[in-house]
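Asker: Sending over a structure as structure tokens; questions will come in a sec.
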Amino acid sequence: MYFFSEEERKYLLKKLIPSSRESGIAEELRGWNWHCSELSPPHDILLPVWEISDRYCETGRDTYLRHVQKVSVPASEEMVAGRIYHQAMAELYPTAKRLIYKEGMNICAQLSDILMGRLDDALVEAAEQLSQAKCSSYENIGKSVSDNLRKLWSFEVSRIVSSIFSYLSKYKYLSDDSLINHALPFVVEHKLDGKYLGLSRNLSADAINMGGMLICDLKTGQQRDFHRLSATGYALVYESLYEVPINIGCTVYLSFPKNHPTPHIERDFFIISDEVRQWFIEERDSKQDLIFYERDPGRCPNPGSCRYREFCFQQ
């Protein structure tokens, strides 16, 4: 999911990255200025990035119900499935890296078979997660999740092996470490401490492409404009910790078309501009205020499939 096509690389190198340099980012909106600008949080309330970037409830009443009314609702089917796909990939990529570090490059010839042999373990883990979920109809999604996970696992194994052999064929002399950094240049489930920005101290960015310092965030639903807030939040935190500029974000959309042998992956690349940074900070401040002052923002006019819908409209 985090391998870019040649067309996407050209778009990044020839269009998006130069544009981000030309437009520039206001210094006061860089994460490293958390202590002396509007980035400083208004309250001592630490929230996860997903909660700030979640705009499915237009009024933010879900945050009020969670934190003030202490309402707990089960995860949706989509959330459970998405978590399974992400965790499987968070295991697959490091497993490939560990095998090369442990066995050396000679293992690459057997890498595909070894990784595919781990699929059964991933399916067992997925079944356990489904059985533990409080999702009311998890039995109905069990088979589809298993089928989709098989497709995703097989697809990603082929991408991993292809990338590794591409670099092995290009360079005669490669160390194990160099091969991994060329062929698998991203870190999945990268842990970040968001305390400086009023965010959770145990954040996990879905993936960071270390080759281009680009933040990736995985989604399994329909594309929404506020999805860009997730990668933006992680970029601000990364800047606050390491004082390294992060200018580009990427939302990765994963879906599974019926009767299709592979997953469908779309990527939304965007400049982490002043506007989207300001939007994230405004959302953080609004939700912190809502919790601190215990202010009920009222019902959302378009609840859609909100998990809190039933409880919300009972009041």
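The values are calculated or read from the model by the stated rules, or taken from the named source; none is laboratory data. Keep in mind the model is a prediction, meaning the values are calculated, not measured. Cβ coordinates were reconstructed from backbone atoms using ideal geometry, including for glycine residues, and neighbour counts include every protein chain displayed. Heavy atoms of the whole protein, side chains included, go into the accessibility calculation; ligands, DNA and RNA do not. Shrake-Rupley method; radii C 1.70, N 1.55, O 1.52, S 1.80 Å.
Asker: Before we move on, is Ala96 out of contact with any Gly (no Cβ under 9 Å at 6 or more places or on another chain), touching a residue at least 60 places away in the same chain (Cβ under 8 Å) and of a type outside the set (Val, Ile, Thr)?
Answerer: In short, yes.
Asker: For region 26-47, check the following and say yes or no: at least one residue is open to solvent by 60 Å² or more (accessible area, probe 1.4 Å), under 30 Å from Gln129 (Cα atoms) and touching a Lys or Arg at 6+ places or on another chain (Cβ under 8 Å).
Answerer: Filtering region 26-47 down to residues open to solvent by 60 Å² or more (accessible area, probe 1.4 Å) leaves 27-28, 34-36, 38, 42, 44, 46.
Going one step further and asking which of them are under 30 Å from Gln129 (Cα atoms), we end up with 46.
Imposing the further condition that a residue be touching a Lys or Arg at 6+ places or on another chain (Cβ under 8 Å) reduces the set to 46.
Within region 26-47, one or more residues are open to solvent by 60 Å² or more (accessible area, probe 1.4 Å), under 30 Å from Gln129 (Cα atoms) and touching a Lys or Arg at 6+ places or on another chain (Cβ under 8 Å).
Asker: Pairs, please: C-beta under 7 Å, at least 6 apart or cross-chain, first residue open to solvent by less than 50 Å² (accessible area, probe 1.4 Å) and among the polar types (S, T, N, Q) and in region 132-153, second part of a helix (DSSP H, G or I) and modelled with pLDDT under 95?
Answerer: Ser137/Glu77; Ser146/Leu123; Ser146/Ala126
Asker: Here is a follow-up. Quick one: which helices (runs of 4 or more DSSP H) sit completely within region 221-315 and have at least 3 residues that are surrounded by fewer than 20 Cβ atoms within 10 Å (Cβ to Cβ)?
Answerer: On the way: elements: 228-242, 274-292, 309-312.
Output list reads 274-292, 309-312.
Asker: If you don't mind, another one. Kindly indicate whether His190 is part of a helix (DSSP H, G or I) and either open to solvent by 10 Å² or more (accessible area, probe 1.4 Å) or charged (D, E, K, R) (or both).
Answerer: Values: part of a helix (DSSP H, G or I): no; either open to solvent by 10 Å² or more (accessible area, probe 1.4 Å) or charged (D, E, K, R) (or both): yes.
No.
Asker: Considering only residues that are farther than 17 Å from Tyr238 by Cα and either in a loop (DSSP other than H, G, I, E, B) or of a type outside the set (S, T, N, Q) (or both), which ones fall in region 14-35?
Answerer: Looking only at region 14-35, we keep the residues that are farther than 17 Å from Tyr238 by Cα, and these are 14-24.
Within region 14-35, Lys14, Lys15, Leu16, Ile17, Pro18, Arg21, Glu22, Gly24 meet the criteria.
Asker: I'd like to verify a number: residues in region 1-25 that are touching a residue at least 40 places away in the same chain (Cβ under 8 Å), loosely packed, with under 15 Cβ neighbours inside 10 Å and within 21 Å of the chain's Cα centre (by Cα), how many? Let's see the steps before the verdict.
Answerer: As a first pass, look at region 1-25 and keep what is touching a residue at least 40 places away in the same chain (Cβ under 8 Å): 1-4, 8, 11-12, 16-17, 19-21, 23, 25.
Now restrict to residues that are loosely packed, with under 15 Cβ neighbours inside 10 Å: 8, 19, 21, 23.
Then keep just the ones that are within 21 Å of the chain's Cα centre (by Cα); that gives 8.
Here the count works out to 1.
Every residue, every condition in (1) among the acidic types (Asp, Glu); (2) touching a helix residue (DSSP H, G or I) at 6+ places or on another chain (Cβ under 7 Å); (3) at pLDDT 90 or above, yes or no:
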{"residue": "Ser131", "(1), (2), (3)": "no, no, no"}
{"residue": "Tyr138", "(1), (2), (3)": "no, yes, no"}
{"residue": "Ser146", "(1), (2), (3)": "no, yes, yes"}
{"residue": "Leu152", "(1), (2), (3)": "no, yes, yes"}
{"residue": "Ser158", "(1), (2), (3)": "no, no, yes"}
{"residue": "Val161", "(1), (2), (3)": "no, yes, yes"}
{"residue": "Leu168", "(1), (2), (3)": "no, yes, yes"}
